[in-house]
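Here is the structure we will look at.
The values are calculated or read from the model by the stated rules, or taken from the named source; none is laboratory data. What you see is a predicted model; the values in this text were computed from it and never measured. Here the Cβ positions follow ideal geometry from the backbone for every residue, glycine too, while neighbour counts run over all protein chains shown.
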Amino acid sequence: MNLNYRFRIRETLEQMYLLGVQSVPIVFISLGFVGIMMVLELAFHMRLVLKHDALVPAFSAVLMVRELGPVITCLLLTSRIGAGIAAEIGSMKVTEQLDAMKMLSIDPIDYLVIPRLLGSVFAALTLTVISIAVALWGGAFLAVQRLGSSSGEYFNTVFFFVKFPDVIRCLIKAVVFGSLIPLIASFHGFRCGLGSAAVGEAATQSVVRTSLVIIIADFILTYLFYAI
Amino acid sequence: MPSNAKSLSKEFWVGVLFLSVIVLLGIFAWLMGAIGPLQSHSRFYVLYNFAGGIEVGSPVRVSGVKVGKVSKIEFLPETPQSQQERISLKLTLDISVKAVPSVREDSRFYVNMAGIIGEKYIEISPGSSSSTVLSHGATIRGVDPPRIDQLLSQGYGVFGRIMDFMDQNEKSLTEFLEGMRELITDANKLLKGRDRDKVISLIDNLNSVTGDIREMTKRMKNPETQKFYDQLFELVERLEQIDKPVIKKFLQEEGVRARIF
């Protein structure tokens, strides 16, 4: 029984593991600190301007769910996996492995890009949800320790302002960003020139352009979701 | 075999990650009120003419405790029935069955505001025990909140008219205020000047008179006085019934034409 025939499940699971599971620690640590930093910074500014910090949980959670959760997670994924995909495909091109695949009637898009695309979408979706949970937990920890708020009070305020449609929109963003990362990285990998310098250049260009495209896509999606 | 074990391990961790995220999403949905699989709700429809900022998802509270949410807002077409009292909105409320015994026919559905930024919610006042509990699917007329924008607009109009009136009657108003000022000045002089003793004496006399009246009314409420009044009333009644013709005849014989009774 050939499991790799249609959807290449084995490669897809491999990429899900590499891109998703192995990225959990970096996302966990980064977003935990982002959540803490955001509550700290918002509390400072709200005390300065409004003389009150009751709405810090609400603002930080709304910002995290609507914007920072998917964007920071996918930027981290870009730096971690985008460069890797571009370099991997680029070096395969330099060493003529792509040509060898074509000679063996293996479509490089089917074999290399689709599993990475599915793995990246899976990673972006799962890590975004985890990042939101970790950031909210980090914010609650700081609110309890430093702002004199109880965890119940914190989450009551958070879930009064953050609605489930916001989470759905956040997941849509994650899917879009997660799709962009392997597509742009693969594009740069396939267009890589000859030589090891070209591979490095492809990896760098991939990360820079993916980051830029993610931020522009975030603006467009936010505009479509909330401004229209 | 080691390769298969490693692959299985990867699949296992991918599955763990996937399931963790599904569980997290379920928790988010539950906390945000999108799902409530273990909680049954009762549904009511509340009619308003003006909802004052209520949105789908706004909380519903009974005695200040959150028990549900606004699940739907509909705009009603104008019907002959609604022409008498304009009703333009129909809100669907989903309320926990635990709170339903407090929601009765005489319960009132207010649009309230809470928190420092004024988030809106529907407050249901618990009904009296004599009224019946509202059944599932009942339609109730809510209490429209005051329209601040209209109040401001009307207040602006009222202040405008007051300003016009003052502009048109500036002379009369000046004279009136001048007269009031003179009156107050005279009263002040009266109280401070040589007639001060007379005023004090007058107030003392008034005080004494009211004291006497109070004493008199107090005595009139005495049981003995009450008894006297009753006897006097009885006497007059008997005189009227028994002696009326005799007295009348006597008065007529004496040439008196006055009508006494």
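For every residue, the table says whether it meets (1) surrounded by 11 or more Cβ atoms within 10 Å (Cβ to Cβ); (2) at negative phi; (3) at pLDDT below 85; (4) small (Gly, Ala, Ser).
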position: B:114; (1), (2), (3), (4): yes, yes, yes, yes
position: B:127; (1), (2), (3), (4): yes, yes, yes, yes
position: B:130; (1), (2), (3), (4): no, yes, no, yes
position: B:145; (1), (2), (3), (4): yes, yes, yes, no
position: B:152; (1), (2), (3), (4): no, yes, yes, no
position: B:182; (1), (2), (3), (4): no, yes, no, no
position: B:219; (1), (2), (3), (4): no, yes, yes, no
Problem set entry | Residues satisfying the stated conditions in the range A:141-174, i.e. of a type in the set (A, V, I, L, M, F, W, C), in contact (Cβ under 8 Å) with a residue 12 or more places away in the chain and either outside any helix (DSSP H, G or I) or more than 9 Å from chain B (Cβ to nearest Cβ) (or both) | A:141, A:142, A:143, A:147, A:162, A:170, A:172, A:174
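Pick from A:62, A:129, A:71: which is out of contact with any Ser or Thr (no Cβ under 9 Å at 6 or more places or on another chain) and crowded, with 21+ Cβ neighbours inside 10 Å? Lay out the reasoning, then the answer.
Details: A:62 fails: crowded, with 21+ Cβ neighbours inside 10 Å; A:129 fails: out of contact with any Ser or Thr (no Cβ under 9 Å at 6 or more places or on another chain).
After applying the criteria, what remains is A:71.
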Exercise. Which condition number does residue A:82 fail, the rest of (1) surrounded by 17 or more Cβ atoms within 10 Å (Cβ to Cβ); (2) closer than 22 Å to residue A:9 by Cβ being met?
Worked result: (2)
Exercise. Inside the range A:36-70, can you point out the residues that are closer than 20 Å to residue A:222 by Cβ and of a type outside the set (A, V, I, L, M, F, W, C)?
Worked result: A:60, A:66, A:67, A:69, A:70
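Being more than 14 Å from chain A (Cβ to nearest Cβ) and over 20 Å from residue B:88 (Cα atoms) is the filter here; which residues of the range B:98-122 pass it?
Of all residues in the range B:98-122, those more than 14 Å from chain A (Cβ to nearest Cβ) come to B:98-112, B:122.
Selection gives B:98, B:99, B:100, B:101, B:102, B:103, B:104, B:105, B:106, B:107.
Looking at the range B:1-55 only, could you name the residues that are of a type in the set (A, V, I, L, M), at pLDDT 85 or above and either within 27 Å of residue A:153 (Cβ to Cβ) or more than 47 Å from the chain's Cα centre (by Cα) (or both)?
First pass over the range B:1-55, keeping only residues of a type in the set (A, V, I, L, M): B:1, B:5, B:8, B:14, B:16-17, B:19, B:21-25, B:27, B:29, B:31-32, B:34-35, B:38, B:46-47, B:51, B:54.
Now narrow it down to the ones that are at pLDDT 85 or above: B:14, B:16-17, B:19, B:21-25, B:27, B:29, B:46-47, B:54.
Answer for the range B:1-55, where residues must be of a type in the set (A, V, I, L, M), at pLDDT 85 or above and either within 27 Å of residue A:153 (Cβ to Cβ) or more than 47 Å from the chain's Cα centre (by Cα) (or both): B:14, B:16, B:17, B:19, B:21, B:22, B:23, B:24, B:25, B:27, B:29, B:54.
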Seminar exercise, completed: Scanning the range A:31-56 for residues that are touching a residue at least 60 places away in the same chain (Cβ under 8 Å), more than 14 Å from chain B (Cβ to nearest Cβ) and under 30 Å from residue B:13 (Cβ atoms) gives A:32, A:33, A:34, A:35, A:36, A:38
For this session: Give the residues of the range A:114-140 that are within 12 Å of chain B (Cβ to nearest Cβ) and of a type in the set (Ser, Thr, Tyr), sorted by residue number.
Result: A:126, A:128, A:131
Problem set entry | Positions within the range A:108-124 being within 18 Å of residue A:174 (Cβ to Cβ) and surrounded by 24 or more Cβ atoms within 10 Å (Cβ to Cβ), in sequence order | A:116, A:119, A:120, A:122, A:123, A:124
